[in-house]
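Below is one structure, written out as structure tokens, with a few remarks after it.
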Amino acid sequence: MEVQYESNMFSAGSSWIWLQGEHAANTYAQFKHICRTNASGAVRLSVSVDGQYSIHLNGVWIPSSQYGDYPFYKSVQTVEVNLEQGENVLEIAVWYQGEDTSVSRAEMPGLRFEISCEGEFLCGSGTDTLARRMPGFETEGVENITGQLGKGFWFSGRDGGPWEKAAEVQKEVVCVPRPISELKTEDPCGVRIISQGVFEAGEDEKPGLRMQHAGLFFREFDGITKGAAFPCLPSLQGIRLISEEKDGLYLVLDLGRIREGCLKLDLTCPQKTKVEVGFGEHLEDLRVRSAVGGRCFAVRYTSGPVREPFIYRFRRLGCRYLQIFIYGSEAVLYYAGLLPVSYPVDLSPDFRCADHLHNQIYRVGRDTLRNCMHEHYEDCPWREQALYAFDARNQMLAGYYAFGEFTYARENLRLLALSQREDSLLELCSPARVDITIPVFSLAFIWAVEEYYRYSGDAAFTEEMAPVIGRILHRMSRQMSGGLAMAFSEPGYWNFYDWQPMLDGQPLRRDGLSAPSADAVLQLCYLLALQRAAAMYDPKRYQQEIASVTAGLESYWNEQQGAYSAFIREGEQMCYSQLVQALALYTGACPEERRDSLSRTLTEEGLVPVTLSSSIFKYEALLMEPERFGRLVFDEVADRWGRMLFCGGTAFWETDEGAGAFDRAGSLCHGWSGIPVYLYGAYVLGVRPAAPGEWKCFKRDNFGIYEAAGILKTPSGCLRV
């Protein structure tokens, strides 16, 4: 797609720079530049890097961060800072991830910055900038947190080496201003010590496994502390921990709820001491689950006798609990926890009713959405932090009601569009480079663009997305054969539809072609994408294809089952799921004479149930008959999401199985599960767009939810219902 950009983001006075002869992945680099001025005052500092950075000006941290981007869409963050008269020291620390993951792309490393005042260049990056490997951090031997996130960190206290002149590097980029607001970093959150004692480490090499398998020996709080009255952090005087037993001291810390932020450690030890920090969302193992399925939810730090508070600003951790291993007999702990980081949203929109459970589901749903909003929408803050089109579609719909946020949604859609591949589908995640993709997620992108247009009224963006959407639909049309949508059989395509057997498209990676399969979910998702494209553009253009795809669905119908099959393989219909029936109703592909029985079938046992991610289709299909099924839908919302609350959840889960899902790697905070926020606004309050950008309160049904009222933020202003 064509990128609109500002050609003057940087002047000719600055250049891209990096370390001399150093291009290794997982490199921490430190840059220092002296800026001299004749008078104090406010100036503009513009920065762009490959990776993530942290800025200090005259020793003071400057809130600023790198937006996820591409070389042809290189984000530049501009902030206002104050210079002092005379010499000013600008220090920028950069973490260059340098590998393809679900959250990053391996590009040439580089940093560019400049300071200007009223359009006049004052100073900028170049060969007069000093550079060195950043002290403290190891490059080699650092474990991946997950394959999706990439590396954790190991702060060993190593020497950073001498300062030398930075090297200029050649980078072909197109610069654009940061398109969304800067993230907000808060003061350290309150933390409570909920378990403590000593540990006996095992023989495992990786810190996550060591923490997972270590022997933990509980000791009373006053048995290993000297003079500490309360097990709470931060502690001004510090909590002194002493024990000569085993291999060292352990602590389990509770942050109160699932949070996302920068890890801060503030402790001293009599001598150089290894510290390991595990992080997780629960204590189902009677400890933090720091290792599961090859993942390593633990990082390494080195403490010493000098108090030097440490803040890791290059990646957020998402967790509720921390587990600390101190490999020594003595320490003074002032703080261990997070500096919460969030995207600034308007919290004035609200929903309330006479039912406390539904009120709490709304609030926790809104919190879950916020937990998964940073540089872009995230599927989950603990395990991946990745932008998926399918997940984001749910997050956007709920977010329109929770925050009235349109700019953020638009820029996420743009980021997804920029990932379009040579085969016309989108990358699995964005901005990333992943070796597989999920075809229906590219179709979900089209649904989301149309919904953004419907809720925002932004016709210009819809036109900007037209070429991207056109290429996706053209590619999908090639999967149609004899009126049936054929699964992508080549390696590199994951035919995923829902987290249920067969529908999950396993195995997701294969060496050769898969057996031919006609897939009803793919066909219905394609149909929905065609319908949404017709709503945005010329309906006549898509009329014939819509009719053909709709007619082909008849091949999946099984009269004996009274339902559509999910697959046709070797001429045999197989797998009957709620998702397929819901999509058939939702798209209108189901003939009128079947709607009554198919809707009833959707509420009965016997079909493969939808998981949380796809439940929105079931609920919206049933809410097409609100008088008949509305109460059932919201009773199920109360049961399903209420169960998570009664289990102690402070956010909503990835699936109904919670932490036990995916071989004990299930997320307890997942953005796609904010669906109830959308349902409350669109159906209980009855507010939906009557025309693009024009929200209207339609006929309201109470669905057993009484005295419902709310405040919504629409493109034309505040709407009270």
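Values as computed for the structure displayed
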{"quantity": "Test: residue in the stretch 57-76 that is among the aliphatic types (A, V, I, L, M), surrounded by fewer than 19 Cβ atoms within 10 Å (Cβ to Cβ) and over 19 Å from ILE311 (Cβ atoms)", "calculated": "no"}
{"quantity": "Strands (runs of 3 or more DSSP E) completely within the stretch 72-163 that count 3 or more residues being touching a Lys or Arg at 6+ places or on another chain (Cβ under 8 Å)", "calculated": "74-83, 86-96, 111-117, 144-146, 155-158"}
{"quantity": "Single match in GLU384, GLU422, GLU405, GLU427 (criterion: in a loop (DSSP other than H, G, I, E, B), within 28 Å of LYS264 (Cβ to Cβ), of a type in the set (D, E, K, R) and not assigned by the TED database to the domain that holds PRO63)", "calculated": "GLU384"}
{"quantity": "Enumeration of residues in the stretch 259-278 that are of a type in the set (A, V, I, L, M, F, W, C) and out of contact with any Gly (no Cβ under 7 Å at 6 or more places or on another chain)", "calculated": "CYS262, LEU263, LEU265, LEU267, VAL275, VAL277"}
{"quantity": "Out of LEU598, LEU602, sole residue that is within 29 Å of TYR706 (Cβ to Cβ) and surrounded by 18 or more Cβ atoms within 10 Å (Cβ to Cβ)", "calculated": "LEU602"}
{"quantity": "Check on GLN360, surrounded by fewer than 24 Cβ atoms within 10 Å (Cβ to Cβ), not charged (D, E, K, R) and not in a loop (DSSP other than H, G, I, E, B)", "calculated": "yes"}
{"quantity": "Per-region count, the stretch 35-54, residues outside any strand (DSSP E or B) and within 25 Å of ALA24 (Cα to Cα)", "calculated": "2"}
{"quantity": "Test result for ILE242, surrounded by 23 or more Cβ atoms within 10 Å (Cβ to Cβ) and in the same structural domain as PHE218 (by the TED database)", "calculated": "no"}
{"quantity": "Residue within the stretch 261-270 that is closer than 30 Å to TYR678 by Cβ, outside the structural domain of ALA638 (by the TED database) and in contact (Cβ under 8 Å) with a residue 60 or more places away in the chain present", "calculated": "yes"}
{"quantity": "Whichever residue in the stretch 157-174 is modelled with pLDDT of 95 or more and surrounded by fewer than 20 Cβ atoms within 10 Å (Cβ to Cβ) and, among such residues, is nearest to TYR377 (Cα to Cα)", "calculated": "VAL169"}
{"quantity": "The stretch 55-71, residues that are of a type outside the set (Phe, Trp, Tyr), part of a strand (DSSP E or B) and in contact (Cβ under 8 Å) with a residue 12 or more places away in the chain", "calculated": "ILE55, HIS56, LEU57, ILE62"}
{"quantity": "Filter result (assigned to a loop (DSSP other than H, G, I, E, B) and in contact (Cβ under 8 Å) with a residue 24 or more places away in the chain) within the stretch 491-504", "calculated": "GLY492, TRP494, ASN495, PHE496, TYR497, ASP498, TRP499, GLN500, PRO501, MET502, LEU503"}
{"quantity": "Which listed residue, of SER489, SER481, SER517, SER442, is modelled with pLDDT of 95 or more and under 18 Å from ASN394 (Cβ atoms)", "calculated": "SER442"}
{"quantity": "The stretch 557-614: number of residues that are closer than 22 Å to ALA487 by Cα and either modelled with pLDDT under 95 or not in a helix (DSSP H, G or I) (or both)", "calculated": "24"}
{"quantity": "Residue tally, condition under 18 Å from CYS380 (Cβ atoms), touching a strand residue (DSSP E or B) at 6+ places or on another chain (Cβ under 9 Å) and acidic (Asp, Glu), over the stretch 636-695", "calculated": "1"}
{"quantity": "Given (1) closer than 27 Å to PHE113 by Cα; (2) surrounded by fewer than 16 Cβ atoms within 10 Å (Cβ to Cβ); (3) of a type outside the set (D, E, K, R), number of the condition GLY147 does not satisfy", "calculated": "(1)"}
{"quantity": "Condition broken by ILE469, with the remaining ones in (1) in the same structural domain as ALA691 (by the TED database); (2) among the β-branched types (Val, Ile, Thr); (3) under 24 Å from CYS590 (Cα atoms) satisfied", "calculated": "(3)"}
{"quantity": "From ASP498, ASP519, ASP504, residue being in contact with a Leu (Cβ under 6 Å, 6 or more places away or on another chain), within 15 Å of VAL440 (Cβ to Cβ) and not assigned by the TED database to the domain that holds SER424", "calculated": "ASP498"}
{"quantity": "Number of the exception - GLU22 against (1) of a type in the set (Asp, Glu); (2) at pLDDT 95 or above; (3) under 30 Å from ASN144 (Cα atoms)", "calculated": "(2)"}
{"quantity": "Any chance SER442 is of a type in the set (S, T, N, Q) and part of a loop (DSSP other than H, G, I, E, B)", "calculated": "no"}
{"quantity": "Index of the failed condition, PHE703 passing every other in (1) in the same structural domain as ASN371 (by the TED database); (2) touching a residue at least 24 places away in the same chain (Cβ under 8 Å); (3) hydrophobic (A, V, I, L, M, F, W, C); (4) under 27 Å from HIS374 (Cβ atoms)", "calculated": "(4)"}
{"quantity": "Lone unmet requirement of (1) closer than 17 Å to LEU397 by Cβ; (2) among the hydrophobic types (A, V, I, L, M, F, W, C); (3) buried (at least 18 other Cβ atoms within 10 Å of the Cβ) for ALA651", "calculated": "(1)"}
{"quantity": "PHE217 vs. criteria part of a strand (DSSP E or B), surrounded by fewer than 19 Cβ atoms within 10 Å (Cβ to Cβ), of a type in the set (Phe, Trp, Tyr) and assigned by the TED database to the domain that holds LEU333", "calculated": "yes"}
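The values are calculated or read from the model by the stated rules, or taken from the named source; none is laboratory data. Predicted model only: the values in this text are computed from it and were never measured. As a convention, Cβ positions derive from the backbone with ideal geometry for all residues, glycine included, and neighbour counts pool all protein chains shown.
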